[in-house]
1. On the basis of being more than 18 Å from the chain's Cα centre (by Cα), surrounded by 18 or more Cβ atoms within 10 Å (Cβ to Cβ) and of a type in the set (S, T, N, Q), does GLN90 make the cut?
2. Considering only residues that are surrounded by 13 or more Cβ atoms within 10 Å (Cβ to Cβ) and out of contact with any Asp or Glu (no Cβ under 6 Å at 6 or more places or on another chain), which ones fall in region 44-58?
3. When ALA351 is evaluated against the numbered criteria (1) hydrophobic (A, V, I, L, M, F, W, C); (2) in contact (Cβ under 8 Å) with a residue 40 or more places away in the chain; (3) surrounded by fewer than 20 Cβ atoms within 10 Å (Cβ to Cβ), which criterion, by number, is the only one it fails?
4. List pairs: first in region 261-284 and more than 22 Å from GLY87 (Cβ to Cβ), second buried (at least 23 other Cβ atoms within 10 Å of the Cβ) and of a type in the set (Phe, Trp, Tyr), Cβ under 6 Å, 6+ apart or cross-chain?
5. Quick one: how many residues across region 93-148 are on the phi > 0 side of the Ramachandran plot and among the small types (Gly, Ala, Ser)?
6. Out of everything in region 24-42 that is part of a loop (DSSP other than H, G, I, E, B) and of a type in the set (S, T, N, Q), what residue ends up being nearest to LYS73 (Cα to Cα)?
7. Please determine, by comparing only the residues of region 3-23 that are small (Gly, Ala, Ser) and in a loop (DSSP other than H, G, I, E, B), which one is nearest to LYS64 (Cα to Cα).
8. Quick one: what pairs do we get from region 34-46, first residue at positive phi and in contact (Cβ under 8 Å) with a residue 12 or more places away in the chain, second of a type in the set (Val, Ile, Thr) and assigned to a loop (DSSP other than H, G, I, E, B), C-beta under 9 Å, 6+ apart or different chains?
Amino acid sequence: MVESAYTHIQWMTLGVTETRRVSTAPTRPAAADEIPVIDLENLWFYGAERTKPPDSSGSPQEAKARIASAIGKAATSTGFFYVTRHGISQSVVSNAYRQAKRFFAQPLDWKMRVHSRHDPLGNGYSPICSGQINKSETKDHKEGFNFRYQLKHDPLHVGRHSAHDPAPDQGGDWIWEKTRDLDGFENDTVAWWQGCLELSRCLVRLFALALDLDEDYFDHITTHPGSDGLYICYPGTPEVATKTNDKDDMRKKKTEVGIGSHTDMQCFTLLWQDDSGGLEVLKQQNGVPYSYEWIGAVPKRESLVVNIADFLQRLSNDRFRSTVHRVYNCQSAPRYSMPFFFGFNYDAECAVVPTCVDESHPLKYEPISCGKWRDERMEQARTASAASWTPVAQQEPDLP
């Protein structure tokens, strides 16, 4: 039996450098119990307009308890899981995906009109290799379009007078004004964002149940939440001639990482990904103390990936796990994904929840606001990234 070789990876959390010993073996697909699939049953128990599926059993309380238990188990193991029958229609997903492809197909000078450097809160376009989330790895070989919370788009506040809101909008109308020549771009993008926001508010309630809290424990701090939408395009990787079966591994050695090894910073992330694959999750190796391996979160039809982020791990006193992940696009075609990052109200000060502290699990963290946490993490990321960028040659496909 050949022994595995190992390397070490490092990444930054707030003020701390973490290190792990990681196998250099090729990434393998995750087993079903490593990244489980959780059926949300159309969330029929949250709203009269939602229909109970014929195969769903029990009362609303029993359905919530059943799903919350599965979520809690996943959140305390790898911190990653898929959700199906999540309530966002396939037409909304498909329209957003089409708009993402249209946006990235535009010439670079057109996309530069909405460069995120024009926005103090980071809304807008980020060119290829303009960021480097992990300084010990290559620059991130991706481009993105970021759009953040706007009160007028929040279904919770439609038709309400909200002048009392202490938290300013995090989004910006200017990015929609600059993209008006893409027909339907704002409407389709906002519809996707709204679907993610409504799903996230339901998931927060299920997370509360998974933490043995009252279902509405977090409701008062999700009225104006951190809710960042993002379109991402990872350019394709040239074909690699090899006589082995490890073409993806060979390509990986020839290209930059799509996004480097990192954890997400808010409460949790929703992710739609196309069929390309490439999302890799760091998991402790079975039977090998203090050692880790990469497993692939392979695409699953009509599902979203959900992963725990740092702030929710903090509030759970490390019961829930925010797990390191990265992306390599080992396909010759571009890879597209649409993550949505959810956090609590910007100004809400949050403490570790009481059900996660006892004699065996003493308090680890002091209270902090979600906004302060996010700002400090973003500033850390900006400081770590290169101050300037060099344009990268881009393939410009025909518009869909």
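Any read-out appearing in this document is the output of simple, stated calculations on the displayed coordinates, not a laboratory observation. What you see is a predicted model; the values in this text were computed from it and never measured. When we count neighbours, we look across all protein chains shown, and the Cβ atoms used for this are built from the backbone with ideal geometry, even at glycine.
1. Working: more than 18 Å from the chain's Cα centre (by Cα): yes; surrounded by 18 or more Cβ atoms within 10 Å (Cβ to Cβ): no; of a type in the set (S, T, N, Q): yes.
So GLN90 does not fit the description; no.
2. TRP44, PHE45, TYR46, ARG50, LYS52
3. (2)
4. GLY278/TYR328; VAL281/PHE80
5. The total comes to 2.
6. In this case the residue turns out to be THR27.
7. Going through the qualifying residues, I end up with GLY15.
8. ASN42/THR51
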